[in-house]
Amino acid sequence: MLQAAGLLFFAFAGYARIATLGEEVRDPARTIPLAISTALGITMVVYAVVALSVLAVLGPGGLAHSTALLADAVRAAGVSALAPVVRVGAAVAALGSLLALILGVSRTTLAMARDRHLPHVLAAVHPRFHVPHRAELAVGTVVAVIAATADVRGAIGFSSFGVLVYYAVANASAWTLTREEGRPPRIVPVLGTAGCLVLAFALPSASVLWGAAALAIGAAAYGARRVLARG
């Protein structure tokens, strides 16, 4: 159950990317919390409706053996003609997820490039459209290469580990906030950090090992950069 929860976290990760758009919206202090809660609420309702519908049609046994749940569900419901429509819908949804990924990660790339943690050339903002066009192109290229060459299931596990770890860092960072900065009750960051770490290390061992290796390499590069800067 914990491993499944960790993997499913990947499907909910997009709502937090709204926070990366703070520079591009009016009144971010009001707009971003409202957008996050609205997006998360809609997503949970849609997921619950789809899950219950598929479970009602296929049953637990059918779910366990199906590799294309929605397509199998419409066939089992006697409307096989809709199977191609479902597949097209899945492709469109995947493109929407890709767009959200590029949107959020490119803004993180922009911020890291501004702080010289990534090549500064990625910090460029388009003079007309006011978007980090170089960062978007770089992120889109990386995503396309991974999607074309890697095992998607492994990539999901790796992504879930990374997301859970940086959410744990965000929860731990909330402990340092003051009351004037909107600090939540102390129990919130404690439970958030513990929950994220439990789910992260409940993921498949390969995902944990590759994720930990990537974090170690990043930490080593950051440490080496600081040492060289001091020298």
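The values are calculated or read from the model by the stated rules, or taken from the named source; none is laboratory data. Fair warning: this is a prediction, and the values are worked out from it, not measured in the lab. With ideal geometry, Cβ positions are generated from the backbone for all residues, glycine too; neighbour counts draw on all protein chains shown.
List of remarks:
- Residues considered: LEU118, LEU99. Of these, the only one that is part of a helix (DSSP H, G or I), within 22 Å of the chain's Cα centre (by Cα) and at negative phi is LEU99.
- Every listed requirement among (1) surrounded by 13 or more Cβ atoms within 10 Å (Cβ to Cβ); (2) of a type in the set (A, V, I, L, M); (3) modelled with pLDDT under 85 is met by LEU95 save one, (1).
Quick grid of which residues meet (1) at pLDDT 85 or above; (2) of a type in the set (D, E, K, R); (3) farther than 23 Å from VAL208 by Cα; (4) in contact with a Lys or Arg (Cβ under 8 Å, 6 or more places away or on another chain):
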site	(1), (2), (3), (4)
LEU122	yes, no, yes, yes
PRO127	yes, no, yes, no
PRO132	yes, no, yes, yes
GLU136	yes, yes, yes, no
ALA147	no, no, no, no
GLY154	no, no, no, no
TYR166	yes, no, no, no
ARG183	no, yes, yes, no
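A quick yes/no check of all residues on (1) in contact with a helix residue (DSSP H, G or I) (Cβ under 8 Å, 6 or more places away or on another chain); (2) within 30 Å of TYR166 (Cα to Cα); (3) among the polar types (S, T, N, Q):
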site: MET1; (1), (2), (3): no, yes, no
site: PHE10; (1), (2), (3): yes, yes, no
site: ILE32; (1), (2), (3): yes, yes, no
site: GLY41; (1), (2), (3): no, yes, no
site: HIS65; (1), (2), (3): no, no, no
site: ALA73; (1), (2), (3): yes, no, no
site: ARG87; (1), (2), (3): yes, no, no
site: ALA90; (1), (2), (3): yes, yes, no
site: ALA94; (1), (2), (3): no, yes, no
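- Here SER106 meets each of (1) under 30 Å from ARG226 (Cβ atoms); (2) in a helix (DSSP H, G or I); (3) over 23 Å from the mean Cα position of the chain (by Cα) with one exception, condition (3).
- Only a single item in (1) over 30 Å from VAL208 (Cα atoms); (2) modelled with pLDDT of 85 or more is not met by MET44, and it is number (1).
- Segment 20-68: number of residues that are surrounded by 12 or more Cβ atoms within 10 Å (Cβ to Cβ) and under 18 Å from LEU82 (Cβ atoms): 8
- Qualifying residue in segment 35-48 (condition: within 23 Å of the chain's Cα centre (by Cα), polar (S, T, N, Q) and over 30 Å from PHE158 (Cα atoms)): no
- With respect to the conditions (1) over 25 Å from VAL143 (Cβ atoms); (2) over 16 Å from the mean Cα position of the chain (by Cα), GLY22 lacks only one, and its number is (1).
- Candidate set: segment 143-160, residues that are farther than 19 Å from SER106 by Cβ and more than 12 Å from the chain's Cα centre (by Cα); chosen: the one surrounded by the most Cβ atoms within 10 Å (Cβ to Cβ): GLY154
- Considering residues of segment 196-231 that are of a type in the set (Ser, Thr, Tyr) and within 17 Å of ILE156 (Cα to Cα) only, the residue nearest to the chain's Cα centre (by Cα): SER207
The rows are residues; the columns are (1) modelled with pLDDT under 90; (2) under 21 Å from ARG17 (Cα atoms); (3) surrounded by 12 or more Cβ atoms within 10 Å (Cβ to Cβ).
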{"position": "GLY162", "(1), (2), (3)": "yes, yes, yes"}
{"position": "ALA194", "(1), (2), (3)": "no, no, yes"}
{"position": "ALA202", "(1), (2), (3)": "no, no, yes"}
{"position": "SER205", "(1), (2), (3)": "no, no, no"}
{"position": "VAL208", "(1), (2), (3)": "no, no, yes"}
{"position": "ILE217", "(1), (2), (3)": "no, no, no"}
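- Annotation: of all residues in segment 9-19 being in contact (Cβ under 8 Å) with a residue 40 or more places away in the chain and in contact with a Phe, Trp or Tyr (Cβ under 9 Å, 6 or more places away or on another chain), the one that is surrounded by the fewest Cβ atoms within 10 Å (Cβ to Cβ) is ALA16.
- Residues of segment 151-190 that are farther than 15 Å from GLN3 by Cα and in contact (Cβ under 8 Å) with a residue 24 or more places away in the chain: TYR167, ALA168, ASN171.
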